[in-house]
1. As I understand it, the value is the acute angle between the Cα axis of helix A:16-26 and the longest principal axis of the Cα atoms of chain A; what does it come to in degrees, rounded to 10?
2. Provide the percentage of antiparallel DSSP beta bridges, counting only those with both residues in the range A:10-253; round to the nearest 5.
3. Taking every pair of Cα atoms in the range B:176-281, average 1/r, invert it to obtain the Kirkwood radius, and report Rg/Rh to two decimals.
4. If you take every DSSP beta bridge whose two residues both sit in the range A:261-397, what share of them, in percent to the nearest 5, is antiparallel?
5. Across every pair of different alpha-carbon atoms, what Kirkwood hydrodynamic radius in Å does the range B:193-342 reach?
6. For q values of 0.10, 0.13, 0.17 Å⁻¹, compute log₁₀ I(q)/I(0) with the Debye formula on a Cα-only model of the range A:1-150, without solvent.
7. Going by the alpha-carbon gyration tensor, a ≥ b ≥ c the square roots of its eigenvalues, is the range A:261-397 rounded (a/c under 1.5) or, if a/c is not under 1.5, prolate (a/b greater than b/c) versus oblate?
8. How many percent of all Cα-Cα pairs in the range B:22-302 sit more than 34 Å apart?
Amino acid sequence: MPTAIAGKKKTVRINGCVASAQAAKYADVDVIAAYPIRPYTATMMALAQMVANGELDAEYIVADSEHSQLSISHGASSCGARVFTGSSGVGVQFAYELYSPISGSRMPVQMMIADRTLDPPGDFGSEHTDALSTRDMGWLMGWACDAQEAFDNHLIAYRIGEDPRVLLPQMVCQDGFFVSHITSDVELPDPGQVKEFLPPYKHPYPLDPRRPVSHGPQIMPEQGPPLQLERARAMEECTPVIEQAHEEFAQIFGRRYDPWVEEYMTDGADVVFFLQGGHAVTARFAIQHLREKGIKVGMVRLRTIRPYPTDRVNEVLSKFKVVGVIETNMALGSVSSGGALYAEVCGALYESPHRPLVMSFMAGMGGEAIVLKEFYWMTQKMIDAQKRGKIEKRTHWVGFED
Amino acid sequence: MATYIQIDPTQKLDPFKSVKKLPLEEYFTSGHRTCQGCESALVMKMMAKAAGPRSIILGSTGCMYVANTTYYSTSWVVPWMHTQLGSSGSAALGTSAALKVLMRKGKIKNEPINVIAFCGDGGGADMGVGAISATLTHAEYNSLILMYDNESYANTDIQLSGSTPWGANTTFSSPGKVKRIMHRRWKKNMAGMMAAGHPECKYVATICMSYGLHGMNSIRKALAIGGPTFIHSLDPCPKGWDYDPYLSHEMGELAVNSGVWPLYEVENGLLRLTGRTEQIAAGKIRRVPVRDYLLKQGRFAHFTNDDIDYFQSKIDDMWEKWLIPGVIPFRRDVEADTPPSS
């Protein structure tokens, strides 16, 4: 039974990027592949300093592109190294070719994402489209809503991804600026706690001249489906591993996260927001205000989008009358003609006998903050739909309508 | 002076004295599906033999991936991994870095292991040139990038690459009724570019496996010297060059003897012409006319005499007008380049 070690834990005031760097340090990563792009780059700046100061013994490689970052990570992970890399925005896309090969060869590379809007027009602000566009590539994926959660997610993700039952890469995401550059208190654990939680990485089939193996051979069409099925199963069957990791994390570190969704003031709620990431912090505040006025609103925050907790989302959201999905991403020409989350929500709810109305809000686009009055406006739209018994339209661009 | 670069020890790989003294063990064996007369498969075989069993080999997408590592029948006896088309340089870098740190941290046994990444001319001279260039600047990581150059994207049905010779008929540059010469770019000078552009890279060489011992010893030198190294191998390709497969060996000899493919090495910054190329430069043997080389290949069958003369003049320039003949195309004087009208 794991026991909490008080030891040398300490609270520091750092932003999300530095929290991610700290997590990589505590995980004692072996190889770091860096390349600059805002806003994630502050993580790599912090790691460079840690390596220079001897706080972390790792190979710190400055790559020539994101594609190379991921290729370096692929090669290093194949030898059995614990690898840390990261990116933002178009950088995430430049590396796109490698996502499937890395998950297909079952290399638990970890990639930190601080979201950034895709080009055009060269907007620094946060939008989840960068990482979300890779969501079906076989990487575990989820968003943190503050620096502490970002720190914790990195450790939990390594623990899950490196589990021999899983062996999948992980994208550990946080909103650019709203999380990556907002400073808050973060509790750094005692190294002994991390040691207890995160065993050393040992890949079962590394590139080793003593036990030669061939990774990633060319296959015939009929050999493809079994391999794809194995990868699909790994993604499906990691559910108990994810739950166990969060449970043990709570016991060792004393912070308990529901692995799949955070429910906030959903008791007796009729309408709820459904979202990912840092805007949840403002949402909680808005909901407190609205609750004081007697409006039955709550929030369901998705913590893990891959693997997607279909049954859990179904079970949780079926309790409500209206679900307002806050997208913070673009999925042009998609089901709702808005963002990618809408289809994920509706897909999970299809089998529910008590399907709530679902509407999609394009808010927080381009890295704009979602302000309180926008949360109030969206709540009103949900209440109107509840009264009417149907939605006015699937997608609302918040700030562009009355 | 302080030591800034910590290069890990490499294996002792003395040159093979003669063909008769080669080890019998093969590390690239049966199981592959390369074409009859494939010179690149020979390069793989000799590369693995030269490197020996303590090696990790990475292969980027191309013929030598697709044809060599059929699932369940891999021809690699040493550990092998596929890397993406443009990833040979970066994957070698990551692999070498991982070995270094895992040995330092005591997670794996501390011993010299060769890291070789191979790429075709498409993966190397086109898509992956940036990553290879970057790797050659990371002086503390031991690796060899070997570019096997069969002068086209041969695995996808012979499309021209940045390494395809001027005028060649490929499926992206077939001569037509109006345009005879569709491919009007001159072949990229990869080895020269790598040597000139990466002063910390200790070894760059050109090889052709028609001269097998020379090629294998270049590979051994590249692996033993430490740090990142680069070898450019010219590989005749019966399918892409359109000649009878039994002529592969002869085609490589003609490429060297016509002066089209100069053999040289740059070791710790010192340039040395090698093999037959050294003899040509010293005036001991004369260059064979390029006509003899070109007209044996179907890909040049549409050439007129003007085209052949132009090709010959470019090769002559390389030998007579380049400041470093055959290596770096800097010239003494500015001259107009006038290709024949197509």
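All of the numbers you see were taken from the coordinates with simple rules; none came from a lab. Small disclaimer: the values here were computed from a predicted structure and weren't measured. Cβ coordinates were reconstructed from backbone atoms using ideal geometry, including for glycine residues, and neighbour counts include every protein chain displayed.
1. The two axes meet at around 30 degrees.
2. That works out to approximately 20 percent antiparallel.
3. Result for the range B:176-281 is an Rg/Rh of 1.04.
4. Looking only at bridges with both residues in the range A:261-397, the antiparallel portion is about 20 percent.
5. After inverting the pairwise mean of 1/r, the radius is 16.5 Å.
6. -0.34, -0.58, -0.98
7. Values: a/c = 1.25, a/b = 1.08, b/c = 1.15.
Here the range A:261-397 falls in the rounded category.
8. 16
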